[in-house]
Amino acid sequence: MKKNKGLISIFLLIAFMPVFADFFADVFYLPINVSERRILKEKYICLAGDFGIWRKPYNNLKGHYHTGIDIKNPGEFSGAIEPVFACANGVVLSVNSSRASSYVIVEHNLRSGGRVYSAYTHISDIMVSPGDSVNHLSVLGSFIDHQKLDKWGEYLNHVHFEMLKAYPKKVGTANNRDIYSSYSVDITKKSEISKYFFNPRIFFLKE
Ligand SMILES: [Zn+2]
C-alpha cells in the first residue's frame, strides 16, 4: 500500500508539471491556422514581406527596414475572419487597438534566462488584455476582416510578425499601465536591425 502511495505521488507530480512548464517558451509556433504550425513554408510569406528588406517611404511613413515577416491570411476566403494565435507560452505585455495598425505584444521567458517579445500587427477583434497568460493555442485576435480591408486596402490582409530581442518601446501610460510599441518603423540603418530584432524565421522549422 505504501508503495502505491509513492507511485500516486509521482503520477500527481507528473500531472502538474505542465503547469510549471508553461512559464517558459521552449517551442515556437506560427501564429496562423495551418495544420503544421512548426514549419514555415515560403508560400506563407508575402512577396516583398521578408525580414530585413528596405521599405521606401509611403503614405506618411518614412523609409525603414522591414523588421518582421508578413504572413498571409491562410484562410480559404480572402478577408474572412481568421484567427491569429500567440506563438508560444508567454504573457501579454501590450495591446493597441488603433485601426489598421492594431497590435499585440507578448513577452516570453526563455529557459536560458533571456526574454523575447513577439509582436503581431494589422490584427482586429483583439481578444486579450495586458497581463493575460497565453500559449500557442490562445487566439489573440483575427486578420483584418473583409469590410475593413475594403476601407483600408487589401494589402493589409497579412499579419506583420516580429520577434524583438530588445524590450519594447514605452509610448505612454493608460489605467496605471505602461503602453509599449515595437521599433518597426524606427529602423533606418541596416546595422540597427539586429540590435532590436531576431529574424523570426529562426524560431521555426524549414519546409
Ligand atoms: Zn510587415
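Just so you know, all these numbers are worked out from the coordinates, no wet-lab data involved. Just so we're clear, the structure is a prediction, and the values are computed from it rather than from any experiment. Neighbour counts run over all protein chains shown; Cβ positions are idealised from the backbone, glycine included.
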Euclidean distance between Cα centres, the stretch 115-163 to the stretch 29-55, Å: 14
Burial ranking of peptide ranges 124-132, 62-70 (average Cβ count within 10 Å, highest at the top): 62-70, 124-132
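Using R₀ = 22 Å, calculate the FRET efficiency as 1/(1 + (r/R₀)^6) where r is the Cβ-Cβ separation of ASN175 and MET127; round to 0.05.
For R0 = 22 Å, the calculated efficiency reads 0.75.
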Percentage of interatomic Cα-Cα distances in the stretch 22-206 larger than 28 Å: 18
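Which order, highest average first, do 40-52, 100-112, 83-95 follow once you tally other Cβ atoms within 10 Å for each residue and take the mean per peptide?
83-95, 100-112, 40-52
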Paramagnetic reach from ILE81 (point 7 Å along Cα→Cβ, amide N under 18 Å) across the stretch 124-149: 124-129, 138-149
In degrees, nearest ten, helix 2-21 long axis to first principal axis of the chain (Cα): 10
